[in-house]
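Right, one structure below, let's go through it.
The values are calculated or read from the model by the stated rules, or taken from the named source; none is laboratory data. It should be emphasised that the depicted structure is a prediction, and the values quoted were computed from it without experimental measurement. All Cβ positions, even for glycine, are placed from backbone atoms using ideal geometry, and neighbour counts span all protein chains on display.
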Amino acid sequence: MEPGLRERKKDATREGLHEAALALAVERGPDRVTIDDIADAAGVSRRTFSNYFGCKEDALLYRDQMRLRMLLDLIRARPARESAWTALTNGAFDLSERAGERDSRWLTETRLVRTDPSLAGYQVAAYAALERELAEHIATRLPESGSRKMRARLMAAAYLSALRIALQTWLDRPSGPKLPDVLREALTIVGQRFR
């Protein structure tokens, strides 16, 4: 079902705030950008900004957060008969298909996170939250045992590390292999322990 006009306007405002935050952070550096600057650049009030994002980091890393949410949804949607690692791997491939080729905004976000300690810390916190949700889902796909929760947490952490390294490798080598190939290599190496 197509979103209504109101939802499309909200999405456009959210995207506009994200784009403004990204452009200002590239121009000035993330630490020299304020919420007021972002709101002004997007042509909205500070109050409107606060209706969409809790802080400037939320606005800067909006697309990254959306990709993480989509990944979790794709993994949850995998057939119940798939093993935990197979569901994780297939979820990553599903996401890479949707992501397509290199998006310049994705590159920009990744570079900002790598160079700004506060953004890196913010992203680590977001990944830790995702890791907990992912571990809960993984546990539902593992056989009952006393170590099921620990195994699920270790699997979630290893999986997210493999994705992060694969993504960085792919983004750093523009003329290198395609994202699915880099993902396959990283997930195969890590997955040997979880099959």
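Selection over region 112-128 of residues that are in contact (Cβ under 8 Å) with a residue 60 or more places away in the chain and outside any loop (DSSP other than H, G, I, E, B) gives a count of 6.
Give the number of residues within region 129-143 that are part of a loop (DSSP other than H, G, I, E, B) and either in contact with a helix residue (DSSP H, G or I) (Cβ under 6 Å, 6 or more places away or on another chain) or farther than 15 Å from SER83 by Cβ (or both). Total meeting the criteria: 1. Exactly one residue out of ASP58, ASP73, ASP64 is touching an Asp or Glu at 6+ places or on another chain (Cβ under 7 Å) and either part of a helix (DSSP H, G or I) or modelled with pLDDT of 90 or more (or both): that is ASP64. Put simply, of ALA21, ALA84 the only residue that is more than 16 Å from the chain's Cα centre (by Cα), in the same structural domain as ALA162 (by TED's automatic domain parsing) and buried (at least 21 other Cβ atoms within 10 Å of the Cβ) is ALA84.
Criterion applied to ARG148, ARG141 was being surrounded by 14 or more Cβ atoms within 10 Å (Cβ to Cβ), over 22 Å from ARG67 (Cα atoms) and touching a residue at least 24 places away in the same chain (Cβ under 8 Å), and the one residue passing it is ARG141. Looking at ALA128, ALA156, can you tell me which residue is in the same structural domain as LEU112 (by TED's automatic domain parsing) and either surrounded by fewer than 18 Cβ atoms within 10 Å (Cβ to Cβ) or within 18 Å of GLU109 (Cα to Cα) (or both)? Sole residue among the options that is in the same structural domain as LEU112 (by TED's automatic domain parsing) and either surrounded by fewer than 18 Cβ atoms within 10 Å (Cβ to Cβ) or within 18 Å of GLU109 (Cα to Cα) (or both): ALA128. One residue stands out among those in region 174-195 that are small (Gly, Ala, Ser) and assigned to a helix (DSSP H, G or I): the one that is farthest from GLU97 (Cα to Cα), which is GLY191. Of GLU131, GLU109, GLU97, GLU82, all but one fail to be closer than 30 Å to PRO30 by Cβ, out of contact with any strand residue (DSSP E or B) (no Cβ under 7 Å at 6 or more places or on another chain) and in contact (Cβ under 8 Å) with a residue 40 or more places away in the chain; the exception is GLU109.
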